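What follows is one structure encoded as C-alpha cells, with my remarks underneath.
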C-alpha cells in the first residue's frame, strides 16, 4: 500500500512539474527523451572461420534490432556503428568510434546509455570472428571502457552464457520502477547458457533469440500495458519464447541468461510504443501462437498469446500484413492494413479458417513427392477421359464446380483439373490444383499446384509450386519447393531445394544437393555437391568448377610464387570446400632466347589434407605460353601438376612449397627428328624425363619446383 502511494505521488509530481515547465507529461516521463541519449554498436558475423557452418542471418539479426531501436528506442542513425563480418581489429575500432561519439555527447551534459549487440559464432572461451578468438575477458574490458552511464550487452551466439558467468554474476532481482534516466550500471543478456547452442531458423529468417527479442521490443513484451517495454519485460518474453520454440529442435532447448547490476531509481525502458503512429492491436479474445508477416512474406513478429490474456499492441511499419493464428486445434488467417496514424484492431470476427498444410522438418528424410493431399469431402468427380479446347469447352465442364480427377486429358487450347493420374496434354496451357502422378505436357505452359510425381514438360514455362519428384523440362523451369530428380531449363532453372541435377543456361537454387550445370549457376545457400559452369556462386559449396567459381565462405585468394619455369607467377584463386580454381599469369624475363617467356592460364585442384595451420593440396594448371616477348610463332601449351605443402600461420595467409611435373607441348615443332626444339621456359635446372615428337606435336617432360605465398 505504501509503495503504491509513493508511485502515485511520484506520478503527480511528474505531471505538475511538467505543467509548470510547459512540457507534455508523456515527454517528462519519457526515458528516451533528450535527458538520456542512446548509442549502439551492432555486430553481425556470419563467418566463424574454420570448419564452422556459415551462418545466414547474423547480419540480418543486427539489422532487425537496429531498426527496432531506431523506430521505437530513441536511437538516432548517427549514434550507431554497425559492423558486418568484422575481424577483431575492426571490432576494437568499432568500440573506439562509438566511445568517441559518446564523449562528444557527454560534453553537453547528456546522460548516455550504450547498447552492444553481437550475433554470430562463439564458444565457451569467446567470440569467433573469421576464425579468430576474442575472449570474453577482453570483450568485457572493451565494453567496460565505454564511457556510458548504462551499458547493455546482448550476445546471441553459442555458449554465450559463459560471458555472464565470467564475473560470477548472480541472478538478482533485476530492476526498480521509475524513470530510467536515474539508472546506472550494466546489464548483460545472452541467448544461451554456457554449454548450449544458439540456433537460427530458415522459417523465421533469423536467430530464435533475436527474433523474439525484437518482437518483444515491438510491444509483445508489454506485460503491464503501459505502452513501454522495459529490459526486464523484453528479457522475460525472449527467454520464454526462445525456450518454447527450441525445446523440440535438433539443437536442443536454448535458455537465455543474464548478469544485471543496475542501481538507481528507475527501470530501464528499451522501447516506447507511444513513439510510433502505426499500431496493430490484437484483441483480448484472440489466442494462440500468432505469426505476423509483411507483404513480402517475411516474418516480422511472432508471439504466443494465452487464452484470456488482454489485448497486445505491436508497433509496425505502415503496410499490409498477413496474420496467422494457431490455437492448437485450427489455423486462422486475416489480412490487415496498418496505416500511419491509426491503430488497426484484429478481432476474432475478422479471422478466416484455413486448412492445415502438411510440413516436414529440415533434415528429415525427404518425403515421397507423390504424397497426396486429402481428397475433398465426397471425393473427386471421376472423368477418366477429357477432351476439349478450353476450360469452358471440354468434357470436364459438365462436372464443375466439383473437383475433377482425370486419367487422360487432351486440349487444343487450355485445360485444368484437380488431380491427374496418367496424362494431361495441351497445346496452350495445362494445370492441376491438387496433384499430378504421370505426365503433364504442353506447348505453352504446365502448372502443378500440388505434389508432382512424374514428368512435367513445356516448350514455354513449367511451374511446380509444391514438391516434385521426376523430370521437369522447359525453356523456363520453376520448382518453388523441393525438386527431387532432373530439372532442365534451357533459359532458366529455379528450385528452392534441389536434390538431383539442374541443367540450364542460368541455374538458381536456394539450397542444392547434387549437381548444377550451366553457363551461370547460383545458390544463396549450401551446395552439397558440385557446380559446373562459366560463372558459379554459392554461399558454400563442396566443389565448384568454372572460370569464375565464387563461394562466400571459401572466398577469393591471391597467390604469388616463383618456379623453375618462370620467375614470377600471380593468380586469383576461388576456393570451395573441397576444390579450388584459379586464373594465372606468369613471366620469365631473364635468360637467353631459349628460356624467356610469358603465359596465361587456368588451374583446378583441391586439398588432400586440411588442418587449421597445415594443408596438403594437389592441382593442375594449363597455360598458353609464348616463347620470348614477341609473338613470332604458335604458342606452346604448358601443363604443370603440383603437390603443395602449405603452412598457415593466419587464416588468410599461407606460405607454401611444391614439387611439380611439367609437360611442354610444342604445337609447331621445328624439327622432324625425334627431338623437339631447344626452347624450354625457365632455368633448365631439371633433367628432362621425356622428349619426343608424337603426331607432329613436340613434348618435353621434366620435374620442377614452386614456392610462394597465398593471401
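Taking R0 as 60 Å, what's the FRET efficiency between residue 400 and residue 620 from their Cβ-Cβ distance, rounded to 0.05? Don't jump to the answer; show the numbers that get you there.
On the way: r = 64 Å, r/R0 = 1.06.
Efficiency at R0 = 60 Å is approximately 0.40.
For residue 643 and residue 585, calculate 0.36 nm times their separation in residues minus their Cα-Cα distance, and state this gained length in nm to one decimal. Walk me through the numbers before you get to the answer.
Numbers: separation 58, 0.36 × 58 = 20.88 nm, distance 1.94 nm.
My answer for the length gained is 18.9 nm.
How do 609, 312 rank when sorted from fewest to most other Cβ atoms within 10 Å of their own Cβ? Mind dumping the intermediate values first?
Numbers: 609 9, 312 22.
The order, fewest Cβ neighbours first, is 609, 312.
On average, how much area does the Cα convex hull of region 101-140 cover when viewed from any direction, in nm²? Before the final figure, lay out the partial values.
Values: hull surface 15.5 nm².
Computed as one quarter of the Cα hull surface, the answer is 3.9 nm².
Using the Kirkwood radius over C-alpha pairs as Rh, can you work out the diffusion coefficient of region 70-134 via Stokes-Einstein at 20 °C, viscosity 1.002 mPa s, in µm² per second? All intermediate terms of the calculation are to be shown ahead of the outcome.
Numbers: Rh = 13.5 Å.
Answer from the Stokes-Einstein relation: 158 µm²/s.
Quote to one decimal, in nm, the extra length available between residue 84 and residue 611 on full extension: 0.36 nm per residue of separation minus the C-alpha distance between them.
Working: separation 527, 0.36 × 527 = 189.72 nm, distance 2.65 nm.
Computed gain between residue 84 and residue 611 is 187.1 nm.
Rounded to the nearest 0.05, what FRET efficiency is calculated for residue 572 and residue 92 with R0 set to 35 Å and r the Cβ-Cβ distance?
Values: r = 30 Å, r/R0 = 0.86.
Rounded to the nearest 0.05, the efficiency is 0.70.
What spacing in nm lies between the two simple spin-label points modelled at residue 594 and residue 552, each 7 Å away from Cα in the Cβ direction?
5.5 nm
Quick check: convex hull of the Cα atoms in region 554-710, volume per residue, rounded to a whole Å³?
Details: hull volume 16.4 nm³, N = 157.
So the per-residue hull volume is 105 Å³.
Report the full-extension gain for the segment residue 105 to residue 125: residue separation times 0.36 nm, less the Cα-Cα distance, to one decimal in nm. Walk me through the numbers on the way to the answer.
Values: separation 20, 0.36 × 20 = 7.20 nm, distance 3.40 nm.
Once the chain is fully extended between residue 105 and residue 125, it gains 3.8 nm.
Suppose R0 equals 25 Å. What FRET efficiency, 1/(1 + (r/R0)^6) with r the Cβ-Cβ distance, do residue 347 and residue 480 give to the nearest 0.05?
Numbers: r = 33 Å, r/R0 = 1.32.
Taking R0 as 25 Å, the efficiency between residue 347 and residue 480 is 0.15.
Quick one: if you stick a label point 7 Å off each Cα along the C-beta vector at residue 141 and residue 76, how many nm between them?
A separation of 3.3 nm, rounded to one decimal place.
Mind listing P(r) for region 534-589? All alpha-carbon pairs, 5 Å bins, whole percents.
The distribution over region 534-589 is 5, 22, 26, 17, 12, 11, 6, 1, 0, given as percents.
Treat each spin label as a single point 7 Å out from the Cα along the C-beta direction, and report the residue 309 to residue 685 distance in nm.
In this crude label model, residue 309 to residue 685 measures out at 7.3 nm.
Can you put 294, 97, 593 in order of Cβ neighbours within 10 angstrom, beginning with the fewest?
With the fewest neighbours first, 294, 97, 593 line up as 593, 97, 294.
Whole Å is fine, so just give me how far the alpha carbon centre of region 621-658 lies from that of region 420-443.
So the two Cα centres are separated by 54 Å.
Fewest to most neighbouring Cβ within 10 Å: what's the order for 133, 405, 186? Walk me through the intermediate numbers first.
Numbers: 133 15, 405 23, 186 20.
Taking fewest neighbouring Cβ atoms as first place, the list is 133, 186, 405.
Stokes-Einstein D for region 62-102 at 25 °C, 0.890 mPa s, Kirkwood Rh over Cα pairs, in µm²/s? List each step's numbers first, then the result.
On the way: Rh = 11.0 Å.
D = 222 µm²/s.
Using the Cα atoms as the points, what is the convex hull volume per residue of region 279-354 in Å³? Don't skip to the answer; put the middle values down first.
Values: hull volume 6.0 nm³, N = 76.
Hull volume over Cα atoms, normalised by residue count, gives 78 Å³.
Quick note: the coordinates plus some simple rules give every number you see, no bench work behind them. These numbers come from a predicted model, not from an experiment. Positions of Cβ are generated from backbone atoms using ideal geometry, with glycine treated the same way; all protein chains shown enter the neighbour counts.
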